[in-house]
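The values are calculated or read from the model by the stated rules, or taken from the named source; none is laboratory data. Values in this document were obtained by computation on a predicted structure and should not be read as measured data. Every residue, glycine as well, gets a Cβ built from its backbone with ideal geometry; the counts of neighbours run over all protein chains shown.
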Amino acid sequence: MKNGASGETLEQIDSILNTGKLSEDEYNRKYRDIISSLYSKDAAGTVSANSVWVSERFRVKDGFLEKAKTWYDADVYTIEPLNPSTVE
């Protein structure tokens, strides 16, 4: 959640999650570990559907999509939101 945030938004996220003292890598590593532990609990039937959908009209900050893939096992898709075939 913190990746890509800055300024007041980042401060608010840190305040809510109490993660202000963690580096970005420490935060991502802890989140990844939590998600991994959920995957290993077969009895719970946990399934993750992590993905990032980005309009082709917007520029994403360098490294954000790579972090989504690396740390969150997220699939990344570029879409054209005004194209009717996007929702198919």
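Output the residue which, of all residues in the stretch 68-88 that are within 17 Å of the chain's Cα centre (by Cα) and of a type in the set (Asp, Glu), is surrounded by the fewest Cβ atoms within 10 Å (Cβ to Cβ).
75
Restricting the search to the stretch 7-26, which residues are polar (S, T, N, Q) and over 20 Å from residue 69 (Cα atoms)? Please lay out each step first, then the result.
Applying the first criterion (polar (S, T, N, Q)) to the stretch 7-26 yields 9, 12, 15, 18-19, 23.
Result: 9, 12, 15, 18, 19.
Return the residue satisfying two criteria in turn: it lies in the stretch 11-34 and is surrounded by 15 or more Cβ atoms within 10 Å (Cβ to Cβ) and in a helix (DSSP H, G or I), and of such residues it is modelled with the lowest pLDDT.
Step one: of the stretch 11-34, the residues surrounded by 15 or more Cβ atoms within 10 Å (Cβ to Cβ) are 13-14, 19, 22, 27-28, 31.
Those left that are additionally in a helix (DSSP H, G or I): 13-14, 27-28, 31.
Numbers: 13: 83, 14: 84, 27: 84, 28: 84, 31: 80.
So the residue we want is 31.
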